[in-house]
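Structure, as structure tokens:
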């Protein structure tokens, strides 16, 4: 590992193409982080460099259910920067449909996408941080893991498993200087959610918004702001928490 | 109420003399907030004004168990700025000793200090925010409300009541544009905690630190950073949450 003394922190953002990944990467760059990012959106690297960040790009790592994805991200951070101060992962494979019509294959799809994916990420990142004696991990899961979810019972159950996995791993390394937390979202305003919920047109959107106690969808920008204290080094005393970010739905 | 269009947000910080109050006030001032502060520490007003904030001071409001304290803070915000964008309250009355040796008076001390205090604050602030259709409330409680706490069973129980009060009030106004959340701390490094736990000398401090899974006390500065997204207007989709900030103790 590189022994160079660094003034900027080093953050992994597993998926910089979609969801809140680009927003988190931008805020981290603004707050003096260099970045290792997976599959960045067009133009994002130049934007982050314009904010003063050094950026290492890793391609084809979006699917964290493949253990190699996380290993590649970690290796890139070691090779380029010699350490990892924080690491943010985006996980989850939606599986819809009633339990009474489900199959074991449906369940396996949910557990691989929702539990194995964060497991792989934690398994790759946490040992490095334990060795450093320092690090912050944030895993995005789903608020569906915190309450029974009509129409997505297998997904809800797998998410609950992931949320508890985060808490267990956090407890296991709590004395090692490593924080591990989860934020579980629902009802976020981004293309994949809108498409999956047939909410791309005004009528469909109104139907979905009516399910949110706050009466609206959440924005990626406000999610990024909420997430930053978990990964930007300013606040190091919270670990093993699962926090819903879902407009009052949980 | 003043109808002037304001570019800076307005925040109440109920106690700006101790605990995390001064730190939260500083960060809010840096992030374009004017402030209504209770009983400020020496020099704090000048410091906040130096950061660009207009500051209204309200004296003798530290005890939120007195309903007038919150009413005075709210009235000052209305008079000076015409609105309240966010409001942060610090509550709690420690009561120690075993249940089997306790009295009903002990319980009442705990419920007044831990439940009535946040009730009074919420009762004064929330109606104004509901009328505005907008606002953020953060109540500091204790992580002791989230698990049985040896040596402080009545305090732990009253704190649990407060944490659930916050969640209930948040649910009641969830459609009104008002967010209400609680952060529950334990093992924070500040004079009153150190004194109450006989941790002012190295030996006593080591004994207390050994109770914290992270092996250290939390700092007020990192607590302030963690708290800001709940009150600075950047993140508006989280409500009804209780979040422990306690070094892995909960």
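When you scan segment B:137-172, how many residues do you find that are in contact with a strand residue (DSSP E or B) (Cβ under 6 Å, 6 or more places away or on another chain), part of a helix (DSSP H, G or I) and in contact (Cβ under 8 Å) with a residue 60 or more places away in the chain? Here the count works out to 8.
Scanning segment B:212-222 for residues that are more than 7 Å from chain A (Cβ to nearest Cβ) and either assigned to a helix (DSSP H, G or I) or under 18 Å from residue B:12 (Cβ atoms) (or both) gives B:220, B:221.
Residues in segment B:182-201 that are more than 14 Å from the chain's Cα centre (by Cα) and not in a loop (DSSP other than H, G, I, E, B) were compared, and the one that is nearest to the other protein chains (Cβ to nearest Cβ) is B:193. Starting from residues that are in contact with a strand residue (DSSP E or B) (Cβ under 8 Å, 6 or more places away or on another chain) and more than 7 Å from chain A (Cβ to nearest Cβ), keep the ones in segment B:224-233 and report whichever is nearest to residue B:192 (Cα to Cα). For segment B:224-233, the residue satisfying everything is B:227. Filtering segment B:234-250 to residues that are farther than 17 Å from residue A:178 by Cα and either facing chain A (nearest Cβ under 8 Å) or surrounded by fewer than 21 Cβ atoms within 10 Å (Cβ to Cβ) (or both) leaves B:234, B:235, B:236, B:237, B:238, B:239, B:240, B:241, B:243. Taking the numbered list (1) assigned to a strand (DSSP E or B); (2) within 21 Å of residue A:18 (Cβ to Cβ) in turn, residue A:204 passes all entries but (1). In segment B:155-173, the residue that is nearest to residue A:249 (Cα to Cα) out of those that are surrounded by fewer than 21 Cβ atoms within 10 Å (Cβ to Cβ) and within 14 Å of another protein chain (Cβ to nearest Cβ) is B:171. Looking across B:11, B:53, B:29, B:16, one residue alone is surrounded by 18 or more Cβ atoms within 10 Å (Cβ to Cβ), modelled with pLDDT of 95 or more, within 24 Å of residue B:131 (Cα to Cα) and touching a helix residue (DSSP H, G or I) at 6+ places or on another chain (Cβ under 9 Å). It is B:11. If you filter segment B:58-80 down to residues that are out of contact with any helix residue (DSSP H, G or I) (no Cβ under 6 Å at 6 or more places or on another chain) and under 16 Å from residue B:10 (Cα atoms), you find that the one that is surrounded by the fewest Cβ atoms within 10 Å (Cβ to Cβ) is B:79. Residue by residue through segment A:75-90, note down the ones that are closer than 23 Å to residue A:229 by Cβ and under 19 Å from the mean Cα position of the chain (by Cα). Result: A:77, A:84, A:85, A:86, A:87, A:88, A:89, A:90. Taking the stated definitions as given, is residue A:97 within 13 Å of the chain's Cα centre (by Cα), under 14 Å from residue A:155 (Cα atoms) and in a loop (DSSP other than H, G, I, E, B)? Spelling it out, it is not the case that residue A:97 is within 13 Å of the chain's Cα centre (by Cα), under 14 Å from residue A:155 (Cα atoms) and in a loop (DSSP other than H, G, I, E, B). Within segment B:81-98, one or more residues are away from chain A (no Cβ under 14 Å), surrounded by fewer than 23 Cβ atoms within 10 Å (Cβ to Cβ), closer than 26 Å to residue B:37 by Cα and in contact with a strand residue (DSSP E or B) (Cβ under 6 Å, 6 or more places away or on another chain).
The values are calculated or read from the model by the stated rules, or taken from the named source; none is laboratory data. Small disclaimer: the values here were computed from a predicted structure and weren't measured. Note: ideal-geometry Cβ built from the backbone for every residue, glycine included; neighbour counts use all protein chains shown.
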